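Report on one structure; see the data block that follows.
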């Protein structure tokens, strides 16, 4: 099988190049194409190299999969991108677990090494599958987006993990005992759920990235089951690069990965906000807000999830275009974890044809707030919460934030006074220079633009 | 176990650690989505698993092919859809 490995290595090289190109805005689209060619090569190599394949079955499976996958990919709204990635990822993890399970049902002798790798694939694959679906459910609103925490949760998880380890060991020693195999599947599935439900809010993206890394690990361990270099190399690549990306995201929030997974941010905050002092806010109409915009010279727009929910990316662009024609300077401040996924806002604003060089990231934009007249916060909350800077008891303490409060005026658009997704009350809303304009982001922006034109 | 296969695995892990260093936050979502599509490499395993005999094995193999193909096709398409929108002035 010498030549097979050469083709697999070639596919892996294309994956590496693809990921590299995906890391730069100019080459990103080409990178995705490069990687997909790598995938095609890997698939064709497998079809040619392995004899006795059930080609009809494969064709049926691939056609069904391609129809479902493309239907999802074409119809999904840009705002739903995080849950889309989660669900695709779940299928990938599920596939690895199924392959390992299929190998287990194969009659004949299985070595203990293969059995251990089967157990690992089933465990990681199933955990990825159920975890991703919970993440999907949370983002889509089928499951509560808030962290679900109950007393003894960590102990229960530890018990599950121990049972899992014991069943795996028993399975490797007594492969004839199929019940251990079922126990392994069930426990992995449950653990995927119980590890994901306590995570919520701004931490969701990290979880998706972590699950993505897991699905790579699952693929690599399936590679060990089947002794297939293509799977091992590519799975290891995704597993490792996914870990690094997860780490980059954690750093963006100034948190450790352990803190994200076991911290359950969101629940503690409710008690914190309960004891917190009442915040009095000033609520303005769009007409009054329009007058402030009219007098401003430099405006920084801070988009958050509220913009995504309201599908307000086009309305933002229209208003910004108008302000620019009036000779005003408009910038966009993008926090690394704004929205439900890192880069989520960039994708949405790009959809509305806002050039990406107008979007400024955290380090670049923070000095700009000093001489900014109006910071317009659209449905963002945690990423502009000054508690991250000055409240040691706040769960988000230490997270780098956008310094909107340094602007002359902060106009905050929110639907209601409810705290954000992470459930944290925001003292910014009560600041001297803060003004609230309530309402759906899209409606508010359209009304604001109308009022601006009438001035 | 073949020591070569372990060598390959460890080297691939190191390459994976090294390829992602400085990624602008703009590209985090597409990058995650793109590498997610690559993790659909499980499709290779799924294809091989269809030759594993037995009725249960066949059904598991078919399900694996469907799942992995959803991951691959959906993943690459959705990433392209996102990246198509990134433009400069």
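Listing for the model above:
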item: Residue within segment A:57-66 that is touching a helix residue (DSSP H, G or I) at 6+ places or on another chain (Cβ under 8 Å), farther than 26 Å from residue B:81 by Cβ and either crowded, with 17+ Cβ neighbours inside 10 Å or touching a residue at least 24 places away in the same chain (Cβ under 8 Å) (or both) present; result: yes
item: Positions within segment A:408-427 being modelled with pLDDT under 90 and not in a loop (DSSP other than H, G, I, E, B), in sequence order; result: A:414, A:427
item: Selected residue [farther than 30 Å from residue A:44 by Cβ, outside any helix (DSSP H, G or I) and touching a helix residue (DSSP H, G or I) at 6+ places or on another chain (Cβ under 7 Å)] from A:205, A:175; result: A:175
item: Selection within segment A:147-161 - modelled with pLDDT under 85 and either within 11 Å of residue A:191 (Cα to Cα) or part of a helix (DSSP H, G or I) (or both); result: A:153, A:154
item: Selected residue [farther than 30 Å from residue A:354 by Cβ and at the interface with chain A (Cβ under 7 Å from one of its Cβ atoms)] from B:34, B:54; result: B:54
item: Check on residue A:191, surrounded by 24 or more Cβ atoms within 10 Å (Cβ to Cβ) and in a helix (DSSP H, G or I); result: no
item: Options A:219, A:119, A:135; residue that is closer than 30 Å to residue B:15 by Cα, under 15 Å from the mean Cα position of the chain (by Cα) and surrounded by 18 or more Cβ atoms within 10 Å (Cβ to Cβ); result: A:135
item: Qualifying residue in segment A:386-396 (condition: in contact with a strand residue (DSSP E or B) (Cβ under 8 Å, 6 or more places away or on another chain) and crowded, with 21+ Cβ neighbours inside 10 Å); result: no
item: Some residue of segment B:3-26 being more than 17 Å from residue A:236 (Cα to Cα) and in a helix (DSSP H, G or I); result: yes
item: Checking residue A:83 against (1) more than 7 Å from chain B (Cβ to nearest Cβ); (2) modelled with pLDDT of 95 or more, the condition it does not meet; result: (2)
item: Evaluation of residue B:21 against (1) more than 7 Å from chain A (Cβ to nearest Cβ); (2) crowded, with 22+ Cβ neighbours inside 10 Å (one fails), failing number; result: (2)
item: Residue check for residue A:304: at pLDDT below 90 and more than 30 Å from residue A:42 (Cα to Cα); result: yes
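The values are calculated or read from the model by the stated rules, or taken from the named source; none is laboratory data. It should be emphasised that the depicted structure is a prediction, and the values quoted were computed from it without experimental measurement. With ideal geometry, Cβ positions are generated from the backbone for all residues, glycine too; neighbour counts draw on all protein chains shown.
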